[in-house]
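Coordinate-derived values only; no laboratory data. Fair warning: this is a prediction, and the values are worked out from it, not measured in the lab. Here the Cβ positions follow ideal geometry from the backbone for every residue, glycine too, while neighbour counts run over all protein chains shown.
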Amino acid sequence: MRLFDLKEYRGKRVCVALSGGADSVCLLHCFRAGAEAHGIVLSAIHVEHGIRGEESLRDMAFCETLCKKWGVPLKIVRVDVPALIEENGGGNVESVARLARLNAFRGVIDRGEADLVATAHHRNDVVETILFRLARGTSPAGMKAIQNFPCLVRPLLNVSRDEILEYVRENSLPYVEDSTNADEAYTRNFIRRTVLPAFEKIHGNAQEHLARFAAQCAQDDEYLTALAKKEIKYIGEHGDMLIPADLPEPLFMRACFLCMGAKTDYTSANLEEISKLRTLQTGKKVCLPGGKTAAREYGNIVFYYENVEPIAERPFQEDVFVLSPRLGLRADLDAFPAGCVVRSRREGDFIVPCGGRKKTLKKFLTDRKISARLGRRLTLVASGQEILVVKGVEISDKVKVTEKTKRVGYF
């Protein structure tokens, strides 16, 4: 009986995450059976969490004995999960233990001890995760229940728990039982022992259908996310991102997620706040986790960081600003009064646009449809509070080029 194809692991150094349970023993046996034929260098890792007392130590000893018997090098990592929870002022035992395992697996890769770490997650685990997320509330992206990653693989994802147990019986494999697996106080155990059997009574292939549904959702989400990614425009030198406010809802929400960053601890409430910006006027904004801001700017939603450093004030040096004529903003260099400085905008600034009337800089920028976000980042040449140049945008009437101009600067 073959549960998965070893060809994709040919020539790799594979470290199997071994708990001592039936699933991980099965996975280790599968790799061991084909390791030599496929040039696989096999090892194992066991993480002892310090949670189940003597039973936990029993599992560790079992793994040591099994690996010694099978000739598989074993690395043991011991973590005191209760102590970690106490140090951090609380936490979910399952979540902290899972993070401890992932850190141990990451260490194996970072130290160059293996190319891949393989875990024994199977199709039933996928279905349990799907049901848990659906009950808690999720999106189609949440249907990517358990995935493979470049250095973390799950060869048994398409294999059912029954198939694994059949393989174990067929090969007379020893394993240990975790007594906490019977404790339905743990959410996953309740789903596994009570919810899934109820689904199986409704339809005998319920788990297979749920897993297939999750895979289809994941494919749809991947396609829509790719479309949403094409709608994002990167603007300016500060990493600002812009998306059209009138995108269809499925693309808009995914584009927002991408703009916030996959690692940002956002909630559905954040997405709802951003979505409301589409019905509001230019200038309205919301603050997001991770220090970003989302703002309505005319027909778009822009994502940016507010804390962009202002331009440090410095004396105006005309040679710095005598730029290419292609910019088209010409000024009379001899018309600039002494003491001009280069800086960012300030409250009370005003400008007399070329050929126009005096306006506050704020009013001028609004009339030009230049957002507050961009306005704060503009480079200005100022004499006191009077703005003589808004670089790349406008020059003051006071420094315009006339028939008397001898030296022209381009801004």
Putting +1 on Lys and Arg Cβ atoms and -1 on Asp and Glu Cβ atoms, find which of 156, 95, 25 reaches farthest to the positive end of the dipole of segment 7-217. 156
What size of dipole, in debye to the nearest 20, comes out for the chain about its Cα centre when the only charges are +1 on Lys and Arg C-beta atoms and -1 on Asp and Glu C-beta atoms? 2000
Fewest first, what order do 1, 253 take by the number of other Cβ atoms within 10 Å? 1, 253
For residue 387, distant residues with modelled amide H under 5 Å away: 350, 351, 352
Could you give the length gained by full extension between residue 148 and residue 276, i.e. 0.36 nm per residue of separation minus their alpha carbon distance, to one decimal place? 42.5 nm
In deg cm²/dmol, rounded to 500, what helix-only [θ] at 222 nm does the chain give when every DSSP H run of at least 4 residues adds -39500 (n - 2.57) and the total is split over its residues? -11000 deg cm²/dmol
What percent does the relative contact order of the chain come to when contacts are Cα pairs within less than 8 Å and at least six residues apart? 11
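Based only on other Cβ atoms within 10 Å, what is the fewest-to-most ordering of 126, 342?
342, 126
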Could you compute the FRET efficiency for residue 5 and residue 312, with r as their C-beta to C-beta distance and R0 at 60 Å, rounded to 0.05? 0.50
For 167, 298, what ranking results if the residue with the fewest other Cβ atoms within 10 Å of its Cβ goes first? 298, 167
Using eta = 1.002 mPa s and T = 20 °C, Stokes-Einstein with Kirkwood Rh from Cα pairs puts D for the chain, in µm² s⁻¹, at 80
Within the chain, which complete DSSP H helices have Cα atoms spanning at least 15 Å along the helix axis and a mean Kyte-Doolittle hydropathy of 1.0 or higher? 249-260
Which of rounded, prolate, oblate describes segment 118-276, given a ≥ b ≥ c as roots of the alpha-carbon gyration tensor eigenvalues and a/c under 1.5 marking rounded, otherwise prolate only if a/b is larger than b/c? prolate
